[in-house]
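Novice: Take this structure first; my questions come after.
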Amino acid sequence: MNNKKRIIVGSSGASGMPLLIECLKIIKDNPDYESHLIMSKGAEITLSHECNIEMCDVLGLADYTYDESEIGAGPASGSFKTEGMVVVPCSMKTLSGIHSGYADTLLLRACDVTIKEHRNLVLCTRETPLSPIHLRNMQELSMMGNIWIIPPMMTFYIHPESIEEMTYHIAAKLLAPFGIEAPQYKRWTGNEIKTYD
Ligand SMILES: Cc1cc2nc3c(=O)[nH]c(=O)nc-3n(C[C@H](O)[C@H](O)[C@H](O)COP(=O)(O)O)c2cc1C
């Protein structure tokens, strides 16, 4: 038993797998937190289309991993204490499951538990264009406490020199609600950009 804070990291089949990888790296580099990763089958397929990295190497970035079929695993229960959950990326199908409480996989069950326990839930929802159904699901979830809808929006005020820099910035934003301060995150202070250190 350690004293690290648990963050459940869910990942579903939307575009944005580099964001998942960056989030896992940031958590791994932080001595106070540990990641519990649940990837959907859709996430696995999307990963193979988007990144030159093997599934086993992504799993290796997490402290603990679960198959989405493991509906009796720790994250399926409210008594499994966590700081909350981030779903990165979050497909419109998974968004719909969260919105309706249709918890037929460990990923969706963990989201359901996170909501019922009033813990932080960050959804990196990704689709374009967005239909009225997608927008309604996001809007209604956003009205509940402790739910952050954070689509992977580009940021130009940091003058990113690479797509990796932009990815890092978004990943840092996704983890900020859990109190994680990504070291290279460029914070807007009004007149100038500052990093944490
Ligand atoms: C390469 C690729 C990219 C995709 N991008 C998106 C996306 O950005 N948003 C989305 O909602 N679905 C996207 N999909 C479709 C989902 O993967 C599909 O609806 C899947 O059933 C989602 O299941 P899951 O949420 O259980 O992972 C994509 C699929 C592929 C193969």
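Novice: Give me a comma-separated list of calculated 3J(HN,Hα) values for the stretch 129-138, in order, Karplus coefficients 6.51, -1.76, 1.60 applied at θ = phi - 60°, integers in Hz, x for any Gly or Pro.
Specialist: Values per residue, Gly and Pro as x: x, 8, 8, x, 5, 4, 5, 5, 4, 5 Hz.
Novice: Moving on to the next point. Counting Lys and Arg as +1 and Asp and Glu as -1, what is the net charge of the other residues whose Cβ lies under 10 Å from the Cβ of TYR64? Each step should come with its number before you reach the end.
Specialist: Working: positive: ARG6; negative: GLU34, ASP63.
Cβ neighbours under 10 Å give a net charge of -1.
Novice: Still on this model: Run through the stretch 23-120 and list the GluC sites (Glu not before Pro) located in a DSSP loop whose Cβ has at most 14 other Cβ atoms within 10 Å.
Specialist: Working: sites: GLU34, GLU44, GLU50, GLU54, GLU68, GLU70, GLU83, GLU117; in loops: GLU54, GLU68, GLU70, GLU83, GLU117.
Here the GluC sites (Glu not before Pro) that fit, given the DSSP loop and packing criteria, are GLU54.
Novice: Of MET144, MET85, MET17, which has the largest mean-square fluctuation in a 10 Å C-alpha GNM of the chain?
Specialist: Ranking MET144, MET85, MET17 by mean-square fluctuation puts MET144 first.
Novice: Expressed in nm², what is the orientationally averaged projection area of the convex hull enclosing the Cα positions of the chain? Walk me through the intermediate numbers first.
Specialist: Working: hull surface 45.8 nm².
Taking the Cα atoms of the chain, their convex hull projects to 11.4 nm² on average.
Novice: Short version: ³J(HN,Hα) in whole Hz for each residue of the stretch 4-12, in order, from phi by Karplus 6.51 cos²θ - 1.76 cosθ + 1.60 (θ = phi - 60°), x for Gly and Pro, what are they?
Specialist: The phi angles translate into 5, 7, 8, 10, 7, 10, x, 9, 10 Hz.
Novice: Still on this structure: Tell me which residues come under 5 Å, amide H to amide H, from GLY13 once H is placed; ignore anything under 5 positions away on its chain.
Specialist: Under 5 Å from the amide H of GLY13 lie the amide H atoms of GLY42, ALA43, SER91, each far enough along the sequence or on another chain.
Novice: Mean-square fluctuation check for the chain, GNM, Cα pairs under 10 Å: which of LYS81, LYS116, LYS93 is largest?
Specialist: Between LYS81, LYS116, LYS93, it is LYS116 that shows the largest mean-square fluctuation.
Novice: Under 5 Å between amide hydrogens, which residues at least 5 positions from ALA62 or on another chain qualify, with H placed 1.01 Å from N in the peptide plane?
Specialist: The answer is none.
Novice: Could I ask something else about it? Just to be sure I understand: with springs between alpha-carbon atoms less than 10 Å apart, which residue in ARG109, ARG126, ARG136 has the highest mean-square fluctuation in the Gaussian network model of the chain?
Specialist: Of ARG109, ARG126, ARG136, the Gaussian network model singles out ARG136 as fluctuating most.
Novice: Expressed as a rounded percentage, what relative contact order does the chain have, with Cα pairs under 8 Å and six or more residues apart?
Specialist: Values: 360 pairs, mean separation 42.1, N = 197.
So the answer I get is 21 percent.
Novice: Can you grab the distance from the C-alpha centre of the stretch 86-132 to the C-alpha centre of the stretch 1-53, Å, no decimals?
Specialist: 15
Novice: Moving on to the next point. Which value at 222 nm does the chain reach when only helices count, each DSSP H run of 4 or more adding -39,500 (n - 2.57), with the total divided by all residues and rounded to the nearest 500 deg cm²/dmol?
Specialist: Details: 7 runs with 72 residues, N = 197.
When only DSSP H runs of four or more count, the value is -11000 deg cm²/dmol.
Novice: Going by amide H atoms built from the backbone, whose H comes under 5 Å of the H on ILE158, apart from near neighbours?
Specialist: Residues meeting the criterion, in which the H sits 1.01 Å from N, do not exist here.
Novice: Something else now. Quick one: which of LYS25/LYS81; LYS81/LYS173; LYS4/LYS93; LYS28/LYS194; LYS5/LYS93; LYS41/LYS186 span more than 25 angstrom between C-alpha atoms? If you can, show how the numbers build up before the last one.
Specialist: Working: LYS25/LYS81 22 Å; LYS81/LYS173 23 Å; LYS4/LYS93 31 Å; LYS28/LYS194 23 Å; LYS5/LYS93 29 Å; LYS41/LYS186 33 Å.
Checking Cα-Cα distances, LYS4/LYS93; LYS5/LYS93; LYS41/LYS186 exceed 25 Å.
Novice: Ok, one more. For the stretch 90-104, just list the computed ³J(HN,Hα) in residue order, Karplus coefficients 6.51, -1.76 and 1.60, θ = phi - 60°, integers in Hz, with x standing in for Gly and Pro.
Specialist: Computed from phi, the couplings for the stretch 90-104 are 10, 6, 5, 5, 5, 3, 5, x, 5, 4, 9, x, 8, 9, 8 Hz.
Bear in mind that the values in this text are calculations on the coordinates, not laboratory data. Values in this document were obtained by computation on a predicted structure and should not be read as measured data. Neighbour counts run over all protein chains shown; Cβ positions are idealised from the backbone, glycine included.
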